[in-house]
Amino acid sequence: MRLMFLGDVVGRSGRAGITARLPGLRADWGLDFVVVNGENATSGAGLSADHAKALLAAGADCVTLGDHAFDQKDMLSYIETEPRILRPLNYAKTAPGKGARVFEAKGGRKVLVAQVLGQVFMKRPFDDPFSAIDAVLRAHPLGGAVQAAVVEIHCEATSEKMGMGHWCDGRASLVVGAHTHVPTADAQILPGGTGFQSDAGMCGDYNSVIGMDKLEPMRRFVTGMPKERFTPANGEATLCGTYVETDDRTGKATKIRMIRVGGGLEGARP
Ligand SMILES: [Fe+2]
Ligand SMILES: [Fe+2]
């Protein structure tokens with residue numbers, strides 16, 4: 001199977017990049033399943049129902065959220081009506097929606113997608129992601145109940161992401177990080193056969209501070225004082241993500257590539 005994960009879509013720039021390019025990438029690269037993180041797609045904070053519909057219409061089979069899951073309040077109810085949207089497994093005990101689901105790809109092949117939040121340097125404490133994902137992976141054995149499995153580890157620390165990669169090694173097709181909005185150059189297949197990249201990066205304007213117009217973040221770093229709200233940068237987006245090919249029989253990764261398309265970053269394709 002050919003799978004692609006695209007990192008955090010940021011603002012109008014990120015949405016426009018997805019709408020303009022994802023349909024063509026799906027066709028050109030023969031993608032079977034696409035996961036897009038949408039947690040910053042609406043004004044840089046959260047995902048509205050309308051913008052979720054746009055990401056799905058452009059070719060996302062699954063849209064994941066993150067620590068910003070419910071910054072847009074209409075997502076609290078919309079997620080209950082749209083099973084293709086996932087929030088983190090360990091977000092909160094009573095959170096609406098689901099953190100993991102089995103999807104059906106072309107030919108009836110089953111793809112598990114799950115998202116977990118890390119605990120290191122995050123703004124509020126979340127439950128242990130390692131035990132949360134362990135239960136899901138045990139219930140959906142790779143090469144048995146599912147032909148592929150994608151785990152998103154949504155957090156700040158690369159150490160926690162790498163720990164999660166090894167924790168899931170051999171039990172997921174791809175473990176990929178998101179949340180920092182900057183891609184790491186460590187895409188690899190781990191010893192047990194799991195594709196891994198610490199962070200996929202964002203789909204947004206990289207002439208910015210992690211997707212936000214650079215003036216206000218720079219002002220806060222330099223003066224220590226906020227003056228305005230953060231607003232997304234609106235230059236052309238680079239779509240950043242991870243591409244993985246898997247063996248349907250085992251569910252393990254056979255090839256992994258970092259993806260960067262459009263905008264200011266050096267390009268990278270499968
Ligand atoms: Fe994000
Ligand atoms: Fe995040």
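Laboratory data are not the source of any read-out in this text; all were calculated from the coordinates shown. Computed from a prediction, not measured in an experiment: that's the story for all the values here. Every residue, glycine among them, receives a Cβ derived from its backbone with ideal geometry; neighbour counts consider all protein chains shown.
Quick notes on this structure:
- Where trypsin sites (Lys or Arg not before Pro) fall in DSSP loop in the stretch 45-85, at most 14 other Cβ within 10 Å: Lys73
- Summed over all non-identical Cα pairs, the Kirkwood treatment of the stretch 218-270 gives a radius of 14.5 Å.
- Distance between the C-alpha centres of the stretch 59-116 and the stretch 162-189: 19 Å, rounded to the whole angstrom.
- Lysine pairs with alpha-carbon atoms under 17 Å apart, the chain, spacing 8 or more or separate chains: 5
- Over all directions, the projected convex hull of the C-alpha atoms in the chain averages 13.1 nm² in area.
- Distance from the stretch 33-51 to the stretch 235-265 (C-alpha centre basis), Å: 19 Å
- For Ile259, distant residues with modelled amide H under 5 Å away: Gly241, Thr242, Tyr243
- Between amide H atoms placed 1.01 Å from N, distances below 5 Å from Asn40 occur with Val9, Gly46, all of them 5 or more places distant or on a separate chain.
- Cα gyration tensor, the stretch 1-143 - rounded (a/c under 1.5), prolate or oblate: oblate
- Of the trypsin sites (Lys or Arg not before Pro) found in the stretch 226-260, those that fall in a DSSP loop while having at most 15 other beta-carbon atoms within 10 Å are Lys227, Arg229, Arg249.
- Computed over the stretch 78-126, Kirkwood Rh from alpha-carbon pairs, angstrom: 12.2 Å
- Residue-wise HN-Hα couplings along the stretch 169-182, as the Karplus relation 6.51 cos²θ - 1.76 cosθ + 1.60 with θ = phi - 60° gives them from phi, are 4, x, 10, 9, 6, 8, 10, 9, x, 8, 3, 7, 6, 10 Hz; Gly and Pro carry x.
- Computed from backbone phi with θ = phi - 60° and the Karplus coefficients 6.51, -1.76 and 1.60, the 3J(HN,Hα) list for the stretch 193-207 is x, 9, x, 8, 9, 4, 8, 6, x, 10, 9, x, 7, 7, 8 Hz; x is used for glycine and proline.
- Loop sites in the stretch 95-201: trypsin sites (Lys or Arg not before Pro), DSSP, at most 11 other Cβ within 10 Å: Lys123
- Cβ-based net charge around Val36, under 11 Å, with every Lys or Arg adding one and every Asp or Glu removing one: -2
- Per-residue 3J(HN,Hα) values for the stretch 11-21, derived from phi via the Karplus relation 6.51 cos²θ - 1.76 cosθ + 1.60 with θ = phi - 60°, read x, 4, 4, x, 5, 5, x, 5, 4, 6, 10 Hz in sequence order (x marks Gly and Pro).
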